[in-house]
Amino acid sequence: MTTTRRWLLKSRPYGPLKDSDFDLVTVPMPDVGEGHFLVRLTHFSFDPTQRGWLGGDTYLPAVPIGGVVRAGGIGEVVASKHPGFEVGDVVQGTFGWQEHALSDGTTETGPVTKLRGGITPEQALGVFGVTGLTAWFGLTEIGQPKAGDTVLVSGAAGATGSVVVQVAKALGCKVIGIAGGAEKCGWVVEQAGADACIDYRAGNVARQIREHAPKGVNVVFENVGGEILDAALANLALRARVVLCGGISSYNDTAEDRSPGLRNYMNLTVMRGRMEGFIILDFAKRYGEGVAELAKLMAAGKLKTAEDVAHGFENCPATLRRLFEGKNFGKQLLKV
Ligand SMILES: NC(=O)c1ccc[n+]([C@@H]2O[C@H](COP(=O)([O-])OP(=O)(O)OC[C@H]3O[C@@H](n4cnc5c(N)ncnc54)[C@H](OP(=O)(O)O)[C@@H]3O)[C@@H](O)[C@H]2O)c1
């Protein structure tokens, strides 16, 4: 093989992602110099935060125009002049949307790691990757639920939300999910084990939360933001903790259509509540601990996962769009 393909960012996206924001290019296969190794990517992770990385500077610098689209992935080492990596090693890192990635053992978000035995690539990118760790540390460290608490989880049928639901149940909480549509809500209750799930598309989310949690919610795990967060804020119990994990409903907003803001935030004052954001990278030193806890739950049969696997490198942009169209069921991946 003398060439390989990459997806580059062609123009800074404005509003929902378009095919014209990206360029699929064929380039010569990189030479492997001393201290480097070449990875053939087999699996890509799709994450809402990629929309932020493409749009401008966030907690990481924006992907430059003409740069490889940033993404997490897993692949096999096919050539190596690096003492720490051998041909055949299966490795994980933020390699970007490229069929082959040249690496010196580091990526923008941390070191390249070798996959541990007994973990599939799908699990490594999902429940035992950033997704599951976000659920674990966001809920336990920021949300700090106690047995008997009522926990409200938006995006509950998604990759992160579905893990939050199950961890909260395992910790002895009453769990109310919020998701889009009857099918997803059915899964959240029947498979993930939530006590109830609110279909936000059926309207009046605030009233529906009140029906399920008449005494208010102690922990809100927020993945969606906007109107859904506002409905949660209207239903806080005393000293509630609101975990601001994400706000996907606004990631495609432009300056013109940005929502005016929250109406019910003063309920944090009335109920002496706390709202706190976090970025999972801050917990990087404790990932091993999080994986061990999640593995314990899985071994005990308390953690089920759903994976939504697309195919074909040429489908990367369309697969990323699925997250913003609510088309994914559980963790969105793409297999080459
Ligand atoms: N803070 C951190 O470090 C961190 C790390 C990872 C992820 N996150 C955040 O966690 C959240 C979930 O990420 P994920 O990777 O697990 O994705 P995901 O939940 O698997 O997929 C996104 C889901 O969001 C929902 N959604 C999309 N647009 C929406 C809208 N306008 N209104 C309501 N719901 C909408 C859709 O579900 P429905 O069909 O139910 O609408 C969609 O399936 C995101 O906000 C992400 O940014 C944060």
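The values are calculated or read from the model by the stated rules, or taken from the named source; none is laboratory data. Note that this is a predicted model, so its numbers are computed, not measured. Counting neighbours? That spans all protein chains shown, and the Cβs are built from the backbone with ideal geometry, glycine included. The protein model used for the area step is the full one, side chains on, heavy atoms only, and it has no ligands, DNA or RNA in it. Shrake-Rupley method; radii C 1.70, N 1.55, O 1.52, S 1.80 Å.
Summary table
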quantity: Proximal aspartates and glutamates relative to residue 335, as straight alpha-carbon distance under 19 Å, when same-chain residues fewer than 8 apart are discounted; calculated: 47, 76, 89, 99, 122, 307, 308, 314
quantity: Relative intensity, log₁₀ I(q)/I(0), of the chain from a Debye sum that treats every alpha carbon as a point, q = 0.07, 0.08, 0.10, 0.15 Å⁻¹; calculated: -0.29, -0.38, -0.59, -1.24
quantity: Proximal lysines relative to residue 174, as straight alpha-carbon distance under 21 Å, when same-chain residues fewer than 8 apart are discounted; calculated: 146, 184, 215, 296, 302, 304
quantity: The chain, relative contact order [Cα under 8 Å, separation at least 6], %; calculated: 17
quantity: Accessible carbon and sulfur surface of the stretch 7-71 relative to its total accessible area, %, 1.4 Å; calculated: 60
quantity: Where no second cysteine Cβ lies under 4.7 Å, the cysteines concerned in the chain; calculated: 173, 245, 316
quantity: Net length gained if the chain between residue 289 and residue 58 were fully extended (0.36 nm per residue, minus Cα distance); calculated: 80.5 nm
quantity: Rounded FRET efficiency, nearest 0.05, which uses the C-beta distance separating residue 237 from residue 27 and R0 of 56 Å; calculated: 0.50
quantity: Cα-centre dipole for the stretch 202-336 with unit charges at Cβ (Lys and Arg positive, Asp and Glu negative), debye to 20; calculated: 600
quantity: Solvent-accessible area per residue, Å², over the stretch 131-273 with all protein chains present [probe radius 1.4 Å]; calculated: 41
quantity: Helix-only [θ]222 nm of the chain, DSSP H runs n ≥ 4, -39500 (n - 2.57) each, per residue, nearest 500; calculated: -6500 deg cm²/dmol
quantity: Mean separation of Cα contacts under 8 Å, 6 or more apart, over the residue count of the stretch 1-108: relative contact order %; calculated: 33
quantity: Solvent-accessible ranking of 296, 169, 81, largest area first, probe 1.4 Å; calculated: 296, 81, 169
quantity: Computed E for residue 271/residue 170 - FRET, C-beta separation, R0 35 angstrom, nearest 0.05; calculated: 0.85
quantity: Sparse-neighbourhood loop sites, GluC sites (Glu not before Pro) in the stretch 301-336 - DSSP loop, at most 11 other Cβ within 10 angstrom; calculated: 325
